[in-house]
Amino acid sequence: MKKQELKQLIKQELEEAVVAEHDKAKVLKAMLKAGSNKAEAHALLKKHYAYVDKKYADSPASKKAEIIVTLAGTASEANIKEVVSKYDIDLNILAKFTDQNQHILARHYIAKKRGYTKLVLAYKALYDLQSALGHFPRGADKVRSDLDKDLKKYLSKDVDNWKDVWGEL
């Protein structure tokens, strides 16, 4: 790397750091204006700013301040999780199962992908029973219905696109 390129890179990094600090100062000012005390505002900013800045990068400082205050007021630190796309279930895979009339396997796939161990074992047992008999036995629909209630409850809490997933089943 040439000396001139290195200087340019360092200059750019410094400018970005200055812009970030300026934005952080604006957020702090908005928090103070909204009624937070200075010590509390600094603590909340230190604790939540990185998450909020990453998640809401294009939001104005006042909105970021509002989000930080809301996070502090409504969620404990353990409950703040960044939602990422890994929490989505691939609808194309579900569609393949349901197109082949393999609804139990579709449910098994979801349970396995999300790590719901009890449901993985239960859906596998239902599938094995259906495979061994060649049909879905009488009464097994009640068991599946009970399992589906648990699956729906877990999905609604853990998966971003849970309504789409449930509709595919």
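The values are calculated or read from the model by the stated rules, or taken from the named source; none is laboratory data. These numbers come from a predicted model, not from an experiment. Each accessible area value is taken on the protein alone, full model and side chains, heavy atoms only, with ligands, DNA and RNA left out. Shrake-Rupley method; radii C 1.70, N 1.55, O 1.52, S 1.80 Å.
Step through the table entries 63/163; 54/153; 47/153; 24/47, compare each Cα-Cα distance with 23 Å, and write down the pairs that go over it. If you can, show how the numbers build up before the last one.
On the way: 63/163 29 Å; 54/153 29 Å; 47/153 31 Å; 24/47 12 Å.
Pairs exceeding 23 Å: 63/163; 54/153; 47/153.
Taking θ as phi - 60°, what are the ³J(HN,Hα) couplings along the stretch 130-146 by the Karplus curve (6.51, -1.76, 1.60), each to the nearest whole Hz, with x for Gly and Pro?
Karplus values, whole Hz, x for Gly and Pro: 4, 5, 5, 8, x, 7, 7, x, 4, x, 5, 5, 5, 4, 4, 4, 5.
Show the residues, 5+ positions off or on another chain, whose built amide H is closer than 5 Å to the amide H of residue 136.
none
At 20 °C and 1.002 mPa s, what whole-number value in µm²/s does Stokes-Einstein give for the translational diffusion of the stretch 92-169, with Rh from the Kirkwood sum over Cα pairs? Working shown, then result.
Details: Rh = 12.7 Å.
Rounded, D is 169 µm²/s.
Which length gain, in nm to one decimal place, applies between residue 91 and residue 63 when the Cα-Cα distance is subtracted from 0.36 nm times their residue separation?
Values: separation 28, 0.36 × 28 = 10.08 nm, distance 3.35 nm.
Result for the pair: 6.7 nm of gain on full extension.
Skip the ligands, DNA and RNA, and give the accessible area per residue of the stretch 103-169 with a 1.4 Å probe, whole Å².
Working: 4020 Å² over 67 residues.
Ligands and nucleic acids excluded, the figure is 60 Å² per residue.
When the Karplus curve 6.51 cos²θ - 1.76 cosθ + 1.60 is applied with θ = phi - 60°, which whole-Hz ³J(HN,Hα) does each residue of the stretch 32-41 get, with x for Gly and Pro?
So the Karplus estimates, Gly and Pro as x, are 5, 5, 7, x, 6, 7, 4, 5, 5, 4 Hz.
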